[in-house]
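Have a look at the structure below before the remarks.
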Amino acid sequence: MSVGLNYYIPGRKNKLHTHPGEDHIFVVMDGQATFYNKEHQPIVLNKGEGIMLPENHYYYFQSTGDKPLALFRVSAKKDNKPKVVRVDAEGNKRTEEENEFVVVDGAAIEGKFWELT
């Protein structure tokens, strides 16, 4: 099992993908997230709301609020988990876990952080 707090600027989204052998739970700590399934049907989650996505469920999400999204994530790995950790809609596979802090949209801003209010 792994847990994390992800932070996304408004408008940021990821690609349609799935996680073989892992169930995922997301809880919006701040902001708003819109999750989409393979058919692009939306589910809007606001602060304090969550969603559980079972293994092999294709999804993507976007930070759709007017302020940054703080998203608490729990990944529960199953005994049958394959070496693949993520598969996108085109079949591209990632086989390594991301355990390091990664800045995708630029550099971290000194003195800026999210705080639970």
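Remarks
- Complete set of residues in region 45-61 that are open to solvent by 20 Å² or more (accessible area, probe 1.4 Å) and under 23 Å from residue 21 (Cα atoms): 50, 51, 52, 54, 55, 56, 57, 58, 60
- Condition met for residue 3 (at negative phi, open to solvent by less than 60 Å² (accessible area, probe 1.4 Å), modelled with pLDDT under 90 and not polar (S, T, N, Q)): no
The values are calculated or read from the model by the stated rules, or taken from the named source; none is laboratory data. Keep in mind that this is a model prediction, so the values were computed, not measured. In case anyone asks, the SASA skips ligands and DNA or RNA and just uses the protein heavy atoms, side chains included. Shrake-Rupley method; radii C 1.70, N 1.55, O 1.52, S 1.80 Å.
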